[in-house]
Amino acid sequence: MASPSGKSSYRRVTRRELLKLAPVAALGAFAVPALQPTLLNRGLAFTDWAAAGWFSTSRPAPTFPDSEVTPLDRFPLNSYADDDPGVDLEAWTLQVDGLVARPGRYTLQQIHALPKIRESTRHICVEGWDVIGSFGGARLKDVLMLVGADATARFLAFECADDYYESLDMATALHPQSLACYEMYDAPLTREHGAPLRLRLPTKIGYKSAKYVTRLTVTNILQRRGYWEDMGYDWFYGL
Amino acid sequence: MTGSTASSWPTPTEVHFDTSAAPIRAAYEHPCLVRVTHWLTAISLFVLVGSGLQIVHAFPSFGPKIPQENFFDPPQAIRIGGWLGGALMWHFTFMWIFMGAGAAYLAHQAISGRYRMVLFTLKDVPGVWPMVKHYFFFKPRPPVTEPYNPLQKLAYTSTVLFGVMSVVTGLALFNTVQFSWLSRAIGGYSLVRVWHFLAMCGFLAFIPGHLIMVALHGWTNFVSMLVGWKRDPEYHAD
């Protein structure tokens, strides 16, 4: 507080008090177009840091009984380019490379052979809507074990038949509910839902659950983050 | 300052500045931290509401996606961020400024004891209606016995509750899996978005009244939120 003495004039005291609002004036940097992208990306990075900090691989996403599952005809389709990129389902393989002991091409049969998980979880779109879907597939963690992935690697990068691409932190990939999903509603994935293989990540925002996956790379360095993320959407976006 | 020790709240300090001209009577009303957090909150609230409405625009409904029934699609003039991804950037950045300012303000209120001036409690309930009659029905002003009248206390305490509500519902919305217990506690995920929206509505209900009162109470009242000192206050320290 200002100590009013005989010498300090009202004007001088109040001017000094006004200068103490400098932290508020600093927010003006957000109004400078040249600084805006940097500042907002910092904000987003801080949000990701916090969200990754309190993400726990052992904390499950809520699951729901079949009676609460949204009917398939009311499960929205948000394909980024095409509802059917024309995948040759017979010839499809998953190309695996990067920090893995057994790189190569994996067939759907090899993924089918892994323990099958069936779970009904909430799918939340960044737009704001949500549905409860029924999903079946192998644990992403089991796929990583199948290919001998280095679990200390930081990221998984995915490429898709429709040129969509995504990436994922290893902690989320090891979450027991993260699926290499090949069934929805107890039937093989339909083309519009990403046949023959899609990601299903109940601990992530919807756009992270890429469809039509054709390639998995285990890596410590991401060349690119994801189709939507590279346009400015949040990368970690854990739920 | 030493006079009315009976009151349980700190009274504004009143001093006479010596200038070459006439002495200036002024009272130190708002400590620096209160002023800084007030303006940080005001600015971040502006950004959070604008970007929040841009986020609402992406899906202006609280129901299912199929079939979608729009509830309220905010016009472009009141949206911030330009597109959904841009709005999320602003929202996810300024939520930290909002929370930081709010936490600092509440800690300061608690430690300094100033909360006793503005916290609405049961004993303030009887005084609310006379103030409402005064402001809205032009009835005589009830005698002023405290720095903040019961209606002011109600308004300021409500904004703190709306702030807490927006942070809690925002957390349940943003991290609904990590804080699934929180989502459940406030009525399930489908209601979390509604509660978050209602918290914003609470702020929006406060702001017009707040600005009108500031305008009615004049320039010196506004200046005191900038420099802390209010010139020629209508009250006397002792």
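The values are calculated or read from the model by the stated rules, or taken from the named source; none is laboratory data. It should be emphasised that the depicted structure is a prediction, and the values quoted were computed from it without experimental measurement. Reconstructed Cβ throughout: ideal geometry from the backbone, glycine too, with neighbour counts over all protein chains shown. With ligands, DNA and RNA removed, areas are computed over all heavy atoms of the protein, side chains included. Shrake-Rupley method; radii C 1.70, N 1.55, O 1.52, S 1.80 Å.
The figures follow:
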item	result
Residues (of a type in the set (Lys, Arg) and either at positive phi or more than 9 Å from every other protein chain (Cβ to nearest Cβ) (or both)) located in the range B:23-48	B:Arg25
Top-ranked residue in the range B:186-221 [being among the small types (Gly, Ala, Ser) and free of Cβ contacts under 8 Å to residues at least 12 places away in the same chain; ranked as nearest to B:Ser44 (Cα to Cα)]	B:Ala205
Residues (open to solvent by less than 60 Å² (accessible area, probe 1.4 Å) and more than 15 Å from A:Gln177 (Cα to Cα)) located in the range A:130-149	A:Asp130, A:Val131, A:Leu146, A:Val147, A:Gly148, A:Ala149
The range B:97-130, residues that are aromatic (Phe, Trp, Tyr) and over 22 Å from B:Ala58 (Cβ atoms)	B:Tyr105, B:Tyr115, B:Phe120, B:Trp129
Which numbered condition B:Trp195 misses (of (1) open to solvent by less than 30 Å² (accessible area, probe 1.4 Å); (2) touching a Ser or Thr at 6+ places or on another chain (Cβ under 6 Å); (3) more than 11 Å from chain A (Cβ to nearest Cβ))	(1)
Complete set of residues in the range A:205-236 that are away from every other protein chain (no Cβ under 14 Å) and among the β-branched types (Val, Ile, Thr)	A:Val213, A:Thr214, A:Thr217, A:Val218, A:Thr219, A:Ile221
Condition broken by B:Asp232, with the remaining ones in (1) under 28 Å from B:Leu53 (Cβ atoms); (2) within 14 Å of another protein chain (Cβ to nearest Cβ) satisfied	(1)
Subset of the range B:76-131 [of a type in the set (Gly, Ala, Ser), closer than 30 Å to A:Trp235 by Cα and in contact (Cβ under 8 Å) with a residue 60 or more places away in the chain]	B:Gly100, B:Ala101, B:Gly102, B:Ala104
Subset of the range A:111-129 [open to solvent by 70 Å² or more (accessible area, probe 1.4 Å) and under 14 Å from A:Pro196 (Cβ atoms)]	A:His112
Members of the range A:31-58 that are facing chain B (nearest Cβ under 8 Å), in a helix (DSSP H, G or I) and among the aromatic types (Phe, Trp, Tyr)	A:Phe46, A:Trp54
Total residues in the range B:59-80, condition under 23 Å from the mean Cα position of the chain (by Cα) and assigned to a loop (DSSP other than H, G, I, E, B)	3
Qualifying residue in the range A:208-216 (condition: basic (Lys, Arg) and within 16 Å of A:Leu94 (Cα to Cα))	yes
Residue list for the range A:161-175, filter: closer than 27 Å to A:Asp84 by Cβ and either open to solvent by 10 Å² or more (accessible area, probe 1.4 Å) or among the β-branched types (Val, Ile, Thr) (or both)	A:Ala161, A:Asp162, A:Asp163, A:Tyr164, A:Tyr165
Residue under evaluation B:Ala110, criteria (1) open to solvent by less than 60 Å² (accessible area, probe 1.4 Å); (2) more than 25 Å from A:Glu127 (Cβ to Cβ); (3) at pLDDT 90 or above; (4) more than 8 Å from every other protein chain (Cβ to nearest Cβ), criterion not met	(1)
Residue count for the range B:57-75, restricted to those that are more than 7 Å from chain A (Cβ to nearest Cβ) and in contact (Cβ under 8 Å) with a residue 12 or more places away in the chain	6
Residue within the range A:153-168 that is within 14 Å of another protein chain (Cβ to nearest Cβ) and more than 30 Å from A:Glu90 (Cα to Cα) present	no
Unmet requirement for A:Leu89, which otherwise passes all of (1) under 27 Å from the mean Cα position of the chain (by Cα); (2) within 11 Å of chain B (Cβ to nearest Cβ); (3) among the hydrophobic types (A, V, I, L, M, F, W, C)	(2)
Residue count, the range B:148-168 (criterion: surrounded by fewer than 17 Cβ atoms within 10 Å (Cβ to Cβ) and not in a helix (DSSP H, G or I))	0
Residue within the range B:200-223 that is open to solvent by 70 Å² or more (accessible area, probe 1.4 Å), within 10 Å of chain A (Cβ to nearest Cβ) and out of contact with any strand residue (DSSP E or B) (no Cβ under 9 Å at 6 or more places or on another chain) present	no
Residues satisfying the stated conditions in the range B:81-99, i.e. among the aromatic types (Phe, Trp, Tyr), assigned to a helix (DSSP H, G or I) and surrounded by fewer than 19 Cβ atoms within 10 Å (Cβ to Cβ)	B:Trp96
Single unsatisfied condition, A:Leu189 versus (1) in contact (Cβ under 8 Å) with a residue 40 or more places away in the chain; (2) open to solvent by less than 40 Å² (accessible area, probe 1.4 Å); (3) over 24 Å from A:Asp230 (Cβ atoms)	(1)
Some residue of the range B:64-78 being polar (S, T, N, Q), open to solvent by 20 Å² or more (accessible area, probe 1.4 Å) and either under 30 Å from A:Glu68 (Cα atoms) or in contact with a strand residue (DSSP E or B) (Cβ under 6 Å, 6 or more places away or on another chain) (or both)	yes
Residue match in the range A:60-74 (condition: open to solvent by less than 60 Å² (accessible area, probe 1.4 Å), closer than 30 Å to A:Ile117 by Cα and free of Cβ contacts under 8 Å to residues at least 60 places away in the same chain)	yes
